[in-house]
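Each reported figure results from applying straightforward, stated rules to the coordinates on display, with no laboratory input. Keep in mind that this is a model prediction, so the values were computed, not measured. Glycine also receives a Cβ, built like all others from the backbone with ideal geometry; neighbour counts cover every protein chain displayed.
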Amino acid sequence: MKDIFVATGGRPLKGSIRVHGAKNAVLPLLAASILTDEAVAVDDCPFISDVDAMTCLLTRMGAQVERMGRRICVRAKDVMPAEDMKELCGAMRSSMFLLGALLARQGEVRVPLPGGCKIGDRPLDIHLDGMAKLGAEASVSAGEVHCRCSRLKGADIVMRYPSVGATENLLLCAAVAEGRTRLINCAREPEIIALARALNAMGGRVRGEGSSVITVDGVDKLHGATLVPDPDRIVAGTLILAVALLGGDVTVFGASKRDLDSLLPYVCSPDMRASADGAGVRVVCDGGRMRAFEACTAPYPLLATDMQPQLFACALKARGVSRITETVFRNRFAHARQFEKMGAKIYLTGSTATIVGVDALRGAALKADDLRGGAGLCLAALAAEGESRIEGVEYIDRGYEGLEETLSLLGADIRRVRVDEK
């Protein structure tokens, strides 16, 4: 048996919703818990499969993990990489954070190569080059990463690309390294700020987060703390784009206009208004078709690659010809072929998609191959005439807590159905 989504389009969205803690913040915070043998609590953890996999990995390594609602408590007094980690690591990219945390904690670690969505190559060279600068010997062979060092020592690390994962991994290492580390040309995402804030709450000495240079003065020991992630800006952006495409009036509590500044210009039009206060963002769309646009993904604070498939869905019915260029991941247009099943007019040339807006989409049998692409398929299905059936729900569940329930609460016609495997 497997789960699919069944969606029928044509309904505008209305109401309010609160977004959960950010997946991309919660996972590194859970990994940071193994830098201390004291208890660490992470609040507002979403009920998604990636978080379940991370807590399972921590448990298999010997940590005591307890979930109480949205709070997850971890006490990693004795941890050791487990023999049966391969399957779980292969299911999620964020398992790689355990590499930096375990190296910092134990001095040597072997972990299986991480998996995750099929969106193109995501090499580990920036991670491993940085660890080598900190004094570690790092290598990849036989499907696993091996790192070891007698003592991590601070260094200046110039990153050839502002990789979010590498920045977070190196922060975990530098927090307890000897001396000062500077991460130059590092990532600036809100999730980086959340991790730096968490490490400081645990007794670390991190400053400069949110800028392109982060300075870390290593400490001998970290202690327990209660860590709070920011709300999930990608979930918030997905809901805002859903309103832009379907029409309606929705308030997304927890959303930050600052985190959405790179997205809102693409969807603002005479028919759509967005307003923000300290509680969230309200979006009102009168149901007219969006204007065509040109967009290009890039590191924060520019348009997030994780919003590209959902924005792509909006372009399908926009007035005119839109162009989207993907610069972060080489293989992140798999959803284009699924959209074509719905009558979309799309032309792919290298890393650029040209989308000719159509008056109407038709329901179709669709299949998600990655997390954000799956969210884009859901949005398109809700904008189509007739019924769509969406497979690959397991990808969507990695980062959205009951996406179908959230959209249904706002008035969409979408439900989860269990069907026989074929």
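Let's test the formula: R0 of 41 Å, r as the Cβ-Cβ distance of Glu294 and Arg418. What FRET efficiency results, to the nearest 0.05? Given R0 = 41 Å and the Cβ-Cβ separation, E is 0.50. Using the Cβ of Leu35 as centre and a radius below 11 Å, the other residues enclosed give a net charge of 0, where K and R count +1 and D and E count -1. Neighbour counts of other Cβ atoms within 10 Å put Met1, Met80, Met159 in the fewest-to-most order Met1, Met80, Met159. On the basis of the beta-carbon distance and an R0 of 41 Å, Ala132 and Thr349 show a calculated FRET efficiency of 0.60.
Here the dipole of the stretch 213-346 is about 680 debye; that uses its Cα centre as origin and unit charges on the Cβ of Lys and Arg (positive) and Asp and Glu (negative). Which of the listed residues, Met68, Gly210, Ala298, is farthest toward the dipole's positive end in the chain, when Lys, Arg count +1 and Asp, Glu count -1 at the beta-carbon? Positive-end residue among those listed: Ala298. Relative to the longest principal axis of the Cα atoms of the chain, helix 233-246 runs at roughly 0 degrees. At R0 = 30 Å, how high is the FRET efficiency between Met68 and Glu405 if r is their beta carbon distance? Nearest 0.05 is fine. Given R0 = 30 Å and the Cβ-Cβ separation, E is 0.90. In this rough spin-label picture, where each label sits 7 Å from Cα along the Cβ direction, the Arg110-Cys56 distance is 2.3 nm. For the stretch 23-227, lysine pairs with C-alpha atoms less than 26 angstrom apart, excluding pairs fewer than eight positions apart on the same chain, total 10. Positive end of the dipole of the stretch 141-262 (Cβ unit charges, origin at the Cα centre): among Ala242, Ile192, Thr181, the Cα lying farthest that way belongs to Thr181.
Per-residue ellipticity at 222 nm from helix content only, as computed over the chain with -39500 (n - 2.57) for each DSSP H run of at least four residues, stands at -8500 deg cm²/dmol. Rounded to the nearest 20, the size of the Cβ-charge dipole of the chain about its Cα centre is 620 debye, with Lys and Arg at +1 and Asp and Glu at -1.
The 3J(HN,Hα) values that the Karplus relation (6.51, -1.76, 1.60; θ = phi - 60°) gives for the stretch 219-230 are, in residue order, 10, 6, 8, 9, 10, x, 6, 9, 10, 10, x, 6 Hz. Gly and Pro appear as x. Would you mind finding the longest exposed-site-free stretch of the chain, with exposed GluC sites (Glu not before Pro) meaning DSSP loop and at most 12 other Cβ atoms within 10 Å? Longest stretch, sites excluded: 84-420. Inter-part distance, the stretch 27-41 to the stretch 196-242, computed on C-alpha centroids, equals 13 Å. Look at the Cα gyration tensor of the stretch 23-227: its axes a ≥ b ≥ c give a/c under 1.5, and that counts as rounded.
Each residue, Ser139 and Glu394, gets one label point 7 Å from its Cα in the Cβ direction; the gap between the two is 3.4 nm.
Taking Cβ atoms as reference points and 9 Å as the exclusive limit, the residues near Val417 contribute a net charge of +3, counting Lys and Arg as +1 and Asp and Glu as -1. What you get for the stretch 23-227, charging only the Cβ of Lys and Arg (+1) and of Asp and Glu (-1), is a dipole of about 300 debye around the Cα centre. Label separation (Ser150 vs Ser212): 3.7 nm, computed from points 7 Å beyond Cα along the C-beta direction.
Neighbour counts of C-beta atoms inside 10 Å place His146, His20 in the sequence His146, His20, starting with the fewest. Ordering Val158, His223, Cys147 by the projection of their Cα atoms onto the charge dipole of the stretch 23-227, which places +1 on the Cβ of Lys and Arg and -1 on the Cβ of Asp and Glu, puts Val158 at the extreme positive end. For log10 I(q)/I(0) by the Debye sum over Cα atoms at q = 0.08, 0.09, 0.13 Å⁻¹, the candidate list reads (1) -0.43, -0.55, -1.10; (2) -0.73, -0.83, -1.17; (3) -0.49, -0.61, -1.21; the entry that matches the value derived from this model is (1). A cut-off under 9 angstrom between Cβ atoms defines the neighbours of Arg362, and their net charge, with Lys, Arg +1 and Asp, Glu -1, is 0. Working note: Karplus 6.51/-1.76/1.60 with θ = phi - 60° gives the stretch 301-314 the couplings x, 7, 4, 6, 4, 5, 9, 4, x, 5, 5, 4, 4, 5 Hz, where Gly and Pro are set to x.
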